[in-house]
1. Hey, could you check segment 24-41 for residues that are loosely packed, with under 14 Cβ neighbours inside 10 Å and assigned to a loop (DSSP other than H, G, I, E, B) and say which is nearest to the chain's Cα centre (by Cα)?
2. If you check L29 against the conditions, is it over 23 Å from L63 (Cβ atoms) and either modelled with pLDDT under 95 or among the hydrophobic types (A, V, I, L, M, F, W, C) (or both)?
3. Determine, yes or no, whether Q12 is out of contact with any Leu (no Cβ under 7 Å at 6 or more places or on another chain), assigned by TED's automatic domain parsing to the domain that holds I141 and not in a loop (DSSP other than H, G, I, E, B).
4. Cβ-Cβ distance below 6 Å, separation of 6 or more or different chains: which pairs start in segment 101-114 with a residue that is at pLDDT below 80 and end on one that is not in a loop (DSSP other than H, G, I, E, B)?
5. Hey, can you tell me all the residues within segment 1-26 that are under 20 Å from V57 (Cα atoms) and hydrophobic (A, V, I, L, M, F, W, C)?
6. Out of segment 130-151, which residues are within 15 Å of L5 (Cβ to Cβ) and not small (G, A, S)?
7. Only residues in segment 58-69 that are closer than 17 Å to A96 by Cβ count as the first member; pair them with residues that are modelled with pLDDT of 95 or more and among the polar types (S, T, N, Q), Cβ under 6 angstrom, at least 6 apart or cross-chain, and list the lot.
Amino acid sequence: MELDLVPLLKVQRELYAMPRGGERFQTYLRTMVDADTGDLALPLVTMNPMGKDHIPVLLDTLLDFDAEAIARDVIATTTLAVSDVDGRFAVGLVVADDAHGGWTDRYCSEYSHRFEGRAMYTRGWIVGQIWTGDPPSADSIREETATAIHRLAHILRRGTAATLGEMIDQEGTAMADARCGGPRVYARCGRSVAGRNRPGDHDSLPVWG
């Protein structure tokens, strides 16, 4: 798998520099959608274009500690681990708003981000999703970027998760490969739910929750 970082944080920050209203929304659409093809140009679907002032504050923080440099370092250290997987993908960080806006339902968005990402993948995008409700940190950027990459690698190796057990296996494996912290479950539990045994390198796997 070949990976390249595409800087998106400044693009988002410039949109939020505009007054909140119709002009900002139309500029968001023009930025996200290719005018010639009508297809997605940038993966800003989960961005809240009408978001309030807490979002540019977060973006300023991310830009100040150079979150995209952290993501670029993750790409450099992850490339070898996913070298068995074919394809070239652009990696970008996108802010999703679960703090003060009605644009995004986090539960639905988290599910879609993890298990319904085909539209992004077929367009060559891997998105690291950053939530306004979570404290920003270098570790969170590192874990989200690495997990997003390993998630796609897992999907390309094993196929799209269709059962609860396969979803647990996918997320647990991606997070373990990304060296994430957090809650842990035994890998065999996920495989038991799937109804069949699967080979795995980890005795226990972290899963989000």
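1. Looking at the filtered set, the residue picked out is D39.
2. Values: over 23 Å from L63 (Cβ atoms): yes; either modelled with pLDDT under 95 or among the hydrophobic types (A, V, I, L, M, F, W, C) (or both): yes.
Yes, satisfied.
3. Values: out of contact with any Leu (no Cβ under 7 Å at 6 or more places or on another chain): no; assigned by TED's automatic domain parsing to the domain that holds I141: yes; not in a loop (DSSP other than H, G, I, E, B): yes.
So Q12 fails the test.
4. Short answer, once both residue conditions are applied: T104/A96.
5. The initial filter retains those residues of segment 1-26 that are under 20 Å from V57 (Cα atoms), namely 7-21, 24-25.
Those that are under 20 Å from V57 (Cα atoms) and hydrophobic (A, V, I, L, M, F, W, C): L8, L9, V11, L15, A17, M18, F25.
6. Of all residues in segment 130-151, those within 15 Å of L5 (Cβ to Cβ) come to 130, 141-142, 144-146, 148-149.
Answer for segment 130-151, where residues must be within 15 Å of L5 (Cβ to Cβ) and not small (G, A, S): I130, I141, R142, E144, T145, I149.
7. Short answer, once both residue conditions are applied: L59/Q12.
This table checks each residue for (1) loosely packed, with under 14 Cβ neighbours inside 10 Å; (2) under 21 Å from E110 (Cβ atoms); (3) among the hydroxyl-bearing types (S, T, Y); (4) out of contact with any Lys or Arg (no Cβ under 9 Å at 6 or more places or on another chain).
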position: L8; (1), (2), (3), (4): no, yes, no, yes
position: G22; (1), (2), (3), (4): yes, no, no, yes
position: P43; (1), (2), (3), (4): no, yes, no, no
position: M47; (1), (2), (3), (4): no, yes, no, yes
position: P56; (1), (2), (3), (4): no, no, no, no
position: L63; (1), (2), (3), (4): no, no, no, no
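The values are calculated or read from the model by the stated rules, or taken from the named source; none is laboratory data. Every value quoted in this text rests on a predicted model; they were computed, and no experiment measured them. Counting neighbours? That spans all protein chains shown, and the Cβs are built from the backbone with ideal geometry, glycine included.
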